[in-house]
1. How high is the relative contact order of chain D, given as a whole-number percent (alpha carbon pairs under 8 Å, six or more residues apart)?
2. Using a 10 angstrom cutoff on alpha carbons, build the Gaussian network for chain C and name the most mobile of C:Lys86, C:Lys96, C:Lys253.
3. State the answer as a single residue: which of A:Leu152, A:Thr379, A:Pro252 lies farthest towards the positive end of the charge dipole of chain A, with beta carbon charges of +1 for Lys and Arg and -1 for Asp and Glu, about the Cα centre.
4. Could you check the spin-label model distance between B:Phe16 and D:Tyr12? Points 7 Å from the Cα along Cα→Cβ, value in nm.
5. For n ≥ 4 DSSP H runs only, could you compute -39500 (n - 2.57) per run for the protein assembly as shown, divide by its residues and tell me the 222 nm figure to the nearest 500?
6. So which helices of chain C fit the span-like rule, where a helix is a whole DSSP H run, its Cα atoms reach 27 Å or more along the axis, and its mean Kyte-Doolittle is at least 1.0?
7. Going by alpha carbons, how many degrees (0 to 90, nearest 10) lie between the helix axis of D:34-55 and the longest principal axis of chain D?
8. Please give me the summed charge of the neighbours of C:Met305: other residues whose Cβ is under 13 Å from its Cβ, Lys and Arg +1, Asp and Glu -1.
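No lab work stands behind these numbers, since they all come straight from the coordinates. All values reported here derive from a predicted model rather than from experimental measurement. Note that we place each Cβ from the backbone using ideal geometry, even for glycine, and neighbour counts take in every protein chain shown.
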Amino acid sequence: MMDQTPAIMILVPVFASLALTLIGPLGHRAAYGLLIISIAGSLAAALATMVQVVQTGQAVHYRMGDWIPPMGIELVIDHLSAGVLVLISACALLTAIYSMHTARQDNPDRLNHYYALFALLVAGLLGMTATGDVFNLYVLLEISALSSYGLLARGKGKAYYATFRYLMMGTIGASFYLLGVGYIYIMTGSLNMADLAEILSRPELEASVSVRIGFSLIILGVWIKMALFPLHAWLPNAYSRAGTTTACLIAPLMTKVSVYVMLRIMFTVFSADYIFQQIAWSRLVIYLASAAAVLGMITALSQRDLRKMLTYIIVAEIGYLTGGAWLANTAGYTGAVYHILADGLMTLCLFMAVGAIIYRTGESTAAAMQGLFQRMPVTAGVLLVAAASVVGVPPTCGFFSKWYLLQGAVKAGEWVFVAALIIAGLLAAILFFRLLERAFFGRLEDAVTENGSEKSQEVPRKIRLEEAPLTMLLPLVITGAALFGLGIYTNEVVQYLIRWSMPAGI
Amino acid sequence: MNLEPFFIVMVVAILFLMLCNLYRVVAGPTVIDRMLGVNVIGIKTTVLIVLIGIIDGRVEMFIDITLAYALLNFITTLAAARFYQRISHPAPSEPEESLVAPSAGPEVEEVDAPAKASDSSRKETP
Amino acid sequence: MTWDTSLLWQFDILILLMMVICAVTALALEGLLSSAIVTGAYSFLICLMWTHMRAVDVAFTEAAVGAAISTVLFLGTAQYVNRWIKKDRPREQGIKQITLVIAVICAVMMLNATRDLPEWADPASPASTHLSPRYIEQAYFETATPNVVTAVLADYRSYDTMFEAVVVFAAALVVMVVLRRTSHKHRMALHLRPKRAGRDTVLRGAAQSIIPVMQIFALYVLFHGHYSPGGGFQGGVIFGASFILLALCYNLKFSMNRFREHAVLWCCAGGVLLYAGIGAACLAMGWNFLGYGALAGVLGVSDVMARSHGILAVEIGVGITVMAVMVSLYNDLASGGDLEEGL
Amino acid sequence: MDELFYFIIAKYNYWAALVLLFIGLFGMIVKNNLMKKIIGMVIFQTAILLFIVSIGVKRGATVPILQFSPDKQPLLDATAYANPLPHVLILTAIVVGVAVLGVALALLQKIQRVHGTIEEDEILEDMRK
């Protein structure tokens, strides 16, 4: 059974989504339970795979249908993908637990279908991460994209248009990816990543214009999917109008998996040599990334809506990740990979905290933060941790990823990126300081008067504890603790996972 | 007897005929013209697929496609006709897509005219 | 330079020209109904192109999907939206122009780069010499399936195909989640949808004679996929189209009485379940996921024949899902989500 | 002249696919009506599929379904059959295309109901309110 874990990990959510479609009459509790069990199964399988990878120090290969790789499809789980797989399934599990109340609030009808799409999205993301075949990646990309359209469209009325735009951009991105794969296939005749890597390293293909165009198209497609700076316009609208559970699931994972795909294409299919010597876009990409980081944070600063603010923070974080990956040195790569994990957790934590606030107060503007510490101390505390991590305060994981990224940037001499990292960090500090000041020192009465006329006429409510329900609080606290945990075990993560996945040539 | 050149000539000839249909599809002016044009293109497509099969020498591999075409083409046409049945009254401002000449169109009843007026009624409360 | 008569460049150029014309027209026309119809013509032409490229399975799929399903879905949606494009409005979106300029630059670069591509239809191109000969030479001996496309689709790359079935399943689910309403108070204002008048005797007669033939043909396409173009997807679409035809000739209620809402949902999930279940059964018997060779013991045949049977079984799964999904998409989109009345 | 002719013949298929691709992209980006955007998307996707199927073509090759000699032995000359792999990929991609099309149309109906229009600028106006 142990050698079947890669397949089980992906299949369990698929089967769960099929079952969830059909168990409507059993009610939402059955659906909720089934979802959690299936994703917990995925997490267990992902952990088992990771343990295996770390223990043997070798990638796990799984041949679908027992066909030998270039002919059949294989799953390849190396150190990098093992980490990302655990991140995906863990985040999904936490969100699933968290969804008890919010999902029902957002989906008064068809909750089980909503959960079925939830499970499909998780299966798609896991499959994208585990696969070793470029075309299979496209199919799974479309599965995760399709299910995310369904999930996002369950938001409030304006979500439909935002989702439509996301669909258009997502289709362009995926189609560019497919076209790029087509170009690569013309020149090589293969689809398997390892096989491609071998063929593409031949000298006659290094100078080929078609291969270069194929690479550019794939990267462009992935950039659209991960919302790198000039291509990010779809993201804030789509994510900020989604329901709470949807936002918690999609916001941390979709963009991070796209970044993972970018790393895969860059370093597994192509090689560091090819990208940094032949293509030589690094400078341009790093400028884009710097612009993303700074402009994302500035835009976030100007938002009043909490959820929208967070989506712009994602745009900024994508800048960090991209910049780190294109720095072409060890520290930069370590920072980027570590930041995938750290940022996944951070974003999850922020969205969960904001979701809890919205669940209790029913509004999502910054005014909802007023006096938060008095009403929802645990949520406010976790929010503080997450904010510290985004800003980069030492014991949290956000600090370490920034540290690596800064190191890498300095080593590469990319001063623009160094400046962008520092400025973005400062902007984040200002952003969260403003919020948390309200949360900790603002008094509730101010909020009541601020909220609108009819409320201000009421007798001021007594300040009482109105913490979110336990199913929401528990995942929130776990995520908050994980931010510390990942920070404390940084060395181990780098040593056992990231160092092993370091591509040759950087 | 080698009939291949004959079939090739036929293919090209049918293609030119198709071009004529395409003119009707592009130029319109009414939807019915377009529908008919597309329908004829569909029929020619089935013929061409068989001819390609003959040229390829394995016509049995191509017959299934033509059968599917013949069956499914009917559905498209029928759907378009059904659709037309629903909206068979032209909107007053856009005479171009009408079934009959705009002047001969019957009185606008309830179909397309309320498109603007009923915008609010179509809205769903978000 | 010799040109095989089997690839007529005159033919190609004419069709490609027509395709470009159709594409431009479809985007330029003002009425959405006309646009949808021209898109149908575009689909005919691309199918012809694919037949000519000897991609019969692809052409078959396009014939089933592009010619029938897409157009019907377009028409079903066009009932519920403003069908006329509003012209002459000021354009102020500068970002679009910038994107367009970038796109044109990309186009020029990519056109320029085609010089580097191997020439069209070259048998010595890398794509034709690396993997594909292996498939062609081994598929028959390893899977007992003469149709190499089916063998690759449902065996060598069956993991992809499973997710292909999952994709259509997901689409049905998403459309259901987005569009369908359970509460009756949001029902579409009925004045927007005039009732059909009269009985369509001729149509009903035609339907009665065509639909059984169609369904038998669909089953033939599904089961004969090993030896001729076709397979689960194409057969499923044709079978689903027979229900759509029923709905068009009678009405939606009539076809939904024959194929009920719950049954559609069960079939949507059941097909994928059959597919993934076969894969999981192989896994349980000690092979890897979707290694049909594991079924040899159960079926009492050789490994190779087991693979052949495995292909058939998963094709049936795909067929069931696709059939149900096509019906479900039509039901939802053509009725605006309330399943009251279709096209 | 012969050179040029040869060059055109050797590449025209890729060109046509790319031209269609950019027509579709144009429709997706510039058109104001969302239905037109969807039609642009369909054209865009099929153009890519056309491009990829073009890879599988071989001169003088027949459909990738094995032929048998009179004594029931398969004829296994790889150059005699078109490349099957692109066909497989495109089959999957067509299905994905239909799925996306269905979802896009469903969203379109919802947009019409919520905003009362499917013209992009009017929707944006409606959302600003």
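1. Numbers: 119 pairs, mean separation 29.3, N = 129.
It rounds to 23 percent for chain D.
2. Ranking C:Lys86, C:Lys96, C:Lys253 by mean-square fluctuation puts C:Lys96 first.
3. Final value for the positive-end residue is A:Thr379.
4. Here the modelled spin labels are 1.6 nm apart.
5. Values: 46 runs with 776 residues, N = 1104.
My calculation for the protein assembly as shown gives -23500 deg cm²/dmol from helical runs alone.
6. Qualifying helices, which must be both long enough and hydrophobic enough, are C:9-28, C:32-52, C:94-113, C:158-179, C:201-223, C:261-284, C:303-335.
7. 20
8. Local net charge: -2.
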